[in-house]
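Structure first, commentary second.
Every number here is computed from the coordinates shown, using simple stated rules; none is lab data. What you see is a predicted model, and the numbers here were worked out from it, not measured in a lab. Positions of Cβ are backbone-derived with ideal geometry, glycine not excepted, and every protein chain shown enters the neighbour counts.
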Amino acid sequence: MRRLELTINRRLDGLLHGQYLGLLPGPGSECAGSREYRPGEDEVRRMDWAVTARTTLPHVREVDADRELTTWLLVDSTPSMDFGTAEVEKRELAVAAAAAVGFLTAGSGNRLGAHLLGPEGVRRFPARTGRTHLLSLLRTMLAAPRGADQARPPSLAETISALNSATPRRGLAVVVSDLLDGLPDADTGEPTWERPLRRLAARHQVLVIEVTDPRELELPDVGVITFVDPEGGQRREVSTGDRQVRQRFAEAAAAQRQLVAGAVRRTGAAHLVLRTDRDWIADIARHVQSRRRLARAGAPARRPAATATLTGPGGVR
């Protein structure tokens, strides 16, 4: 845990710390426009001389207040996350992603809460401040039980809906999952978690971190192997020596990933894909830089109030 914290702070510190804006005007440093000067109420040092010269009427600058940020994590620890054929398991990568969000959104007054989805159900942790609280959350995620101990654990869609109901205050919501749960609806063709995620994104800025493994995208030629559904227990033997089998598997996996990407895009959430065979810290850094470039390119003259530091539909704040 200590090495993970040092790695995150050394390689990412300064990238994700942003100036997030409050929902109310007040003392701050982010310009929010100008208005006419009110004698006896406004300080002369806040005069906007450029607007005053242009309009011939005295104007003062307005700024948005800095407010604390509340971040909510939804981390998937269901049996499908207990898989990995590269550097780490998907479960471990999910914890690392949660740690990055936690360490880099930590600040004075900022709070972090979590919903941990596992085979035994959902464990809820209230939003609190402090490094001790964050480390306790991460240890709990690492020690989460494995295996399908419950007949029917809550689905990802149900967990997202519960998170939305439990977080009335606007903030940053981060969903960390492999997004394998939720077959497309027969009528709409949408994953079952898409609609709850859309409702969550209407209230919060949402970042979806998708965790994948290379063996979920393509099969190696290793002869006959046994596939096991980690959540249902079904088994099937497949001969990977057949090139057509490998090709059909890769095509089906690519179609599934496109379905997931399209669903996340329609909700308005930001989408970050992490793989167990890649440098996940570099992927996070590239994602943040990309969102910043998009934010600078499309930033309006008067930015709306926001509450997220990491990323969101409008980019990094």
- Tally the DSSP beta bridges in region 37-143 and give the antiparallel ones as a percent, rounded to 5. 50 percent
- Message: Can you work out the Karplus-derived ³J(HN,Hα) for every residue in region 226-241? Use 6.51 cos²θ - 1.76 cosθ + 1.60 with θ = phi - 60°, whole Hz, and x for glycine or proline.
- Response: 10, 8, 10, 6, x, 9, x, x, 5, 10, 8, 8, 9, 8, 7, x
- Item | Packing-based ranking, highest mean first, of 156-164, 85-93, 245-253 given that Cβ atoms within 10 Å are counted | 156-164, 85-93, 245-253
- Bridge orientation stat for region 55-207 from DSSP, antiparallel percent rounded to 5, came to 30 percent
- Task: Figure the gain on full extension for residue 139 and residue 123 (residue separation times 0.36 nm, minus the Cα-Cα span) and round it to one decimal in nm.
- Result: 4.4 nm
- Message: What are the ³J(HN,Hα) couplings of region 280-286, residue after residue, when phi is run through the Karplus curve with 6.51, -1.76, 1.60 and θ = phi - 60°? Round to Hz, x for glycine and proline.
- Response: 5, 5, 5, 5, 5, 4, 5
- Query: If you take every DSSP beta bridge whose two residues both sit in region 151-279, what share of them, in percent to the nearest 5, is antiparallel?
  - Reply: 35 percent
- Looking at 172, 126, 212, which one has the Cα that reaches farthest to the positive end of the dipole of region 105-221 (charges on Cβ: Lys, Arg +1; Asp, Glu -1)? 126
- Message: So for region 74-189, averaging the separation of alpha carbon pairs under 8 Å that are six or more residues apart and normalising by length, what relative contact order in percent results?
- Response: 34 percent
- Item | Spin-label pair residue 52/residue 88, simplified geometry with 7 Å Cα→Cβ offset, distance in nm | 5.4 nm
